[in-house]
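Following: one structure in structure tokens, then a few remarks.
The numbers here are math on the coordinates, done by the rules we state, and not lab data. Quick caveat: nothing in here was measured; it's all calculated off a predicted structure. Cβ placement follows ideal geometry from the backbone for every residue including glycine, while neighbour counts extend to all protein chains displayed.
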């Protein structure tokens, strides 16, 4: 064997070892995904309606701007926009139906 063939075989052997080592390396582990905890949801409190306000019905008429007000099924009056400026909120008054 000549020196060139020994060097060539040695070089090929080193090349194969380097290729095998490069191919067998595991890829780096992926960074862990942070887990976000869900925010606690406050329980919904069911609002109790005011018993005084349960018997009122208000019917606005978008064409005239008149708002008819009924209490326990009886006509109380209407808010028409003609109320005095010192009434806040405006009180319903009797008007022609």
Take the Cα atoms of the range 52-97, build their convex hull, and give its volume per residue in Å³.
83 Å³
Based on the mean of other Cβ atoms within 10 Å per residue, sort peptides 70-77, 26-33 so the most packed one is first.
70-77, 26-33
For the chain, what relative contact order do you get, as a whole percent, if you take Cα pairs closer than 8 Å and at least 6 residues apart?
13 percent
Quick one: what do you get for the chain if you divide its Cα Rg by 2.2 N^0.38 Å?
3.50
Evaluate the distance, in nm, between pseudo-label points positioned 7 Å from the Cα of residue 66 and of residue 93 along their respective Cα→Cβ axes.
1.5 nm
